[in-house]
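Read the figures in this text as sums done on the coordinates, not as results from a lab. Owing to the predicted nature of the structure, the values given are computational and were not obtained by experimental measurement. Counting neighbours? That spans all protein chains shown, and the Cβs are built from the backbone with ideal geometry, glycine included.
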Amino acid sequence: MTIATEKNKVQLKSIGFSDRAYGRSVEENKIKIVVEDFNFFYGKTHALKNINMKIRSNAVVGIIGPSGCGKSTFLRCFNRMNDTINNIRYQGDISVDGNNIFDKDLDVVDLRRNVGMVFQKSNPFPKSIFENVAYGLKINGINDKDFIQERVEKSLKDAALWSEIKDRLNESAFSLSGGQQQRLCIARALAVEPEILLLDEPASALDPIATGKIEELIHELKKKYTIVIVTHNMQQAARVSDYTAFFMLGELVEYDFTNKIFTNPLKKITEDYVTGRFG
Amino acid sequence: MTVVAAQYNRRRPWINPKIKEKLIHGFFFANGMISVLALLGIFALLTMTSIPAFREINIGSFLTGFEWNPTSYVKEQYGIVPMLVSTLMVTVGALLIAIPLGIGTAAYLSDVASPKVREIAKPIVEILAGIPSVVIGFLGIVLVGPILSKIFHTHNGLNAINGSVLLAVMALPTIISISEDALKNVPSSYEQASLALGASKWQTIARVKIPAALSGIIAACMLGMGRAVGETMTVLMATGCAPAMPKSMLGPVRTLTSSIAIELGEVAYNTTHYYALFALGLVLFLITFFINMISDIILHKYEKVNR
């Protein structure tokens, strides 16, 4: 990374968040997530610095940036998965539909039901395919077998997996290929009908065909869900997302329409990154 | 001759390296074989010494007889059913106490306890395994017994429940330690996936982590059971040891192990009674052998899955 020079550091510090980047493109009433003056600390490490961001309903927001820039940490703030780590601290607000997710009265379990997440490495449970998808329903106290059956089928269809596996629902989830396992994880997240879907490099371990299927799926899913996707692959961000946020050293450098970021970014450093000059 | 070659030739090994290699190999092989030979030797000894017993005792009545009375003036009886039932009662009782407690403790240590608590608590649990069985038996007489007799209004507390409680204490360290390892080995991605779906910590432990670690936990329980079946001194001291068919968990029982321990010291050498005690030992050996073998198979299977 060439960023370490003194000059660049100064340049980074001077980059404030420009209202223009989202203000003109996002209508206030359709805003799903608002991030305000958000800071995040791992112990003494200041991992996310003063992030401001608004995310529209039914939009796909791609988060790009070099490794260690805090993009996964940022994503994991939306469903408070970082809570499982010791010694972390939040500052500032993130609100979903106007409700602050760090509110003391908010049940984190409810939040996570509403904000689904798919991880970088597919992580099905060592259970059958059916049980994997039904898990989220069962832990939420749903026992109606017909309902579960229906919802499992619907989720698998939404995840474009149903036709491939409909005859082997009772087989182990590990019998599926890598790409199928990842779509199973998406189906599992969809089964509880969240409103927001967080995808943490969902295709980084997959071959191009499986990746293509996941990307197609994201296009379909945005009709129903608001999607935030972290990706290392710039082409992927360009292909799937409506908006792109560029992170660097824990700061949000630029956030705008995807084609703007990739063709005519405001900041020089963004251009350097998206054209592959560093990172 | 080059200089290098000359250097190699200067020091000649006092022994041919090939032979040396073989000797070393043989030494370690012999070490490994000793425990195998010991096992086979014990099995052979038990079998050889048991066989004479069956010259006079019908093997069917030995295995199915309801009375054990080798010193009767009228008719000597060699039925092991009361002892098998006693062993079963005490062991099952111990497992009923130890398994829920052990799994609960293991789950606490692996998922709930802070690292500091775990660092202190786990060694303490393991030290529990090192307490001599005589000391635990002693506790059974002076502590558990009186408490039980107060609760159930019996004359004394030396009964099957007492034995179960003490054996549970002895089986716990094994169960906790191995179950905790099994839970620790469950990939954290399962836990993350479960939490991200809106599961509580408790649901995650009960529905994802314990099922995923189940084979390890079963193996832990089997090993704990092996310990409980084979334990002698504690049950000898705490269970009353009446050589009759046990009537209830509140009555005195006499396990296979305590029968051998009690009678072997007083029996006349090379009598049928003497040989019959060895036959008891053989039965016990076979029981613990199979328990250990099954738990080993399960544990092995589980290691393969997690690799």
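Would you mind checking A:K127/B:K184; A:K32/B:K201; A:K104/A:K223; A:K157/A:K222; A:K121/A:K213 for any pair whose Cα atoms are more than 24 angstrom apart?
A:K32/B:K201; A:K104/A:K223
Lys and Arg at +1, Asp and Glu at -1: add these up for the other residues within a Cβ distance under 14 Å of A:N132 and post the number.
Overall, the nearby charge balance is +4.
Assuming R0 = 45 Å, can you tell me the calculated FRET efficiency for the pair A:Q235 and A:S95, based on Cβ-Cβ distance, to the nearest 0.05?
E(calc), rounded to 0.05, equals 0.90.
Arrange the following residues from fewest to most other Cβ atoms within 10 Å of their Cβ: B:R254, B:R55.
By the 10 Å Cβ count, ascending: B:R55, B:R254.
Based on the Cβ-Cβ distance from B:I127 to B:V36, what FRET efficiency comes out when R0 is 25 Å, to the nearest 0.05?
0.25
What does the average come to when, for each residue of peptide B:197-209, you count the partner chain Cβ atoms lying within 10 Å of its Cβ?
5
Please give the average number of partner chain Cβ atoms lying within 10 Å of the Cβ of each residue in A:122-128, rounded to a whole number.
For peptide A:122-128, the averaged partner shielding equals 5.
Suppose the chain between B:M48 and B:K22 were pulled fully straight at 0.36 nm per residue; how much longer would it get relative to their current alpha carbon spacing?
5.8 nm
Could you give log10 I(q)/I(0) at q = 0.10, 0.13, 0.15 Å⁻¹ for the range A:2-274, computed by the Debye formula over C-alpha point scatterers of equal weight, without solvent?
These q points yield log10 I(q)/I(0) values of -0.52, -0.87, -1.13.
What GluC sites (Glu not before Pro) does the range A:136-228 have in DSSP loop regions with at most 14 other beta carbons within 10 Å?
Hits after loop and neighbour filter: A:E171.
What does the charge count around A:T73 come to, taking other residues whose C-beta lies under 14 Å from its C-beta (Lys +1, Arg +1, Asp -1, Glu -1)?
Counting the neighbours of A:T73, the net charge comes to +1.
Determine the calculated [θ] at 222 nm for chain A from helices alone, applying -39500 (n - 2.57) to every DSSP H run no shorter than 4 residues and normalising by the residue count; nearest 500 deg cm²/dmol.
When only DSSP H runs of four or more count, the value is -10500 deg cm²/dmol.
Please report the relative contact order for chain B, taking Cα pairs under 8 Å with a sequence separation of at least 6, and give it as a percent rounded to a whole number.
RCO, chain B: 25 percent.
Taking 0.36 nm per intervening residue step and subtracting the Cα-Cα distance, what contour gain separates B:W202 from B:Y269 on full extension?
Extending this stretch completely gives an extra 18.2 nm.
Between B:I147 and A:T263, what FRET efficiency follows from the Cβ-Cβ distance if R0 is 56 Å, with the result rounded to 0.05?
That pair, B:I147 with A:T263, gives E of 0.10.
From the convex hull of the Cα coordinates of the protein assembly as shown, what is the mean projected area in square nanometres?
44.2
Hey, any idea what the orientation-averaged projected area of the convex hull of the range B:64-306's Cα atoms comes to, in nm²?
For the Cα atoms of the range B:64-306, the hull's average projected area reads 15.6 nm².
Using the alpha-carbon centroid of each, what span in Å lies between the range B:72-114 and the range A:151-221?
Centre-to-centre distance over Cα atoms comes out at 47 Å.
Using Cβ contacts closer than 10 Å as the measure, can you line up A:C185, A:C77 from fewest to most?
Least crowded to most crowded, the residues run A:C77, A:C185.
With each pseudo-label sitting 7 Å past Cα toward Cβ, what's the B:M245-A:V108 distance in nm, one decimal?
In this crude spin-label approximation the distance works out to 5.9 nm.
Could you give the distance between the Cα centres of the range B:274-303 and the range B:190-229, to the whole Å?
Going from one Cα centre to the other spans 26 Å.
For B:A242, what is the net charge nearby, where nearby means another residue's Cβ is under 13 Å from its Cβ and Lys, Arg count +1, Asp, Glu -1?
Summing Lys and Arg as +1 and Asp and Glu as -1 gives +1.
Please arrange A:R89, B:R118 by how many other C-beta atoms lie within 10 Å of their C-beta, fewest to most.
Going from sparsest to densest Cβ surroundings: A:R89, B:R118.
Helix-only mean residue ellipticity at 222 nm, chain B, DSSP H runs n ≥ 4 weighted -39,500 (n - 2.57), per residue, nearest 500. What is it?
Mean residue ellipticity at 222 nm (helix-derived): -22500 deg cm²/dmol.
Along Cα→Cβ, 7 Å out, is where each label goes; now give me the distance between the ones at A:H219 and A:D242 in nm to one decimal.
1.6
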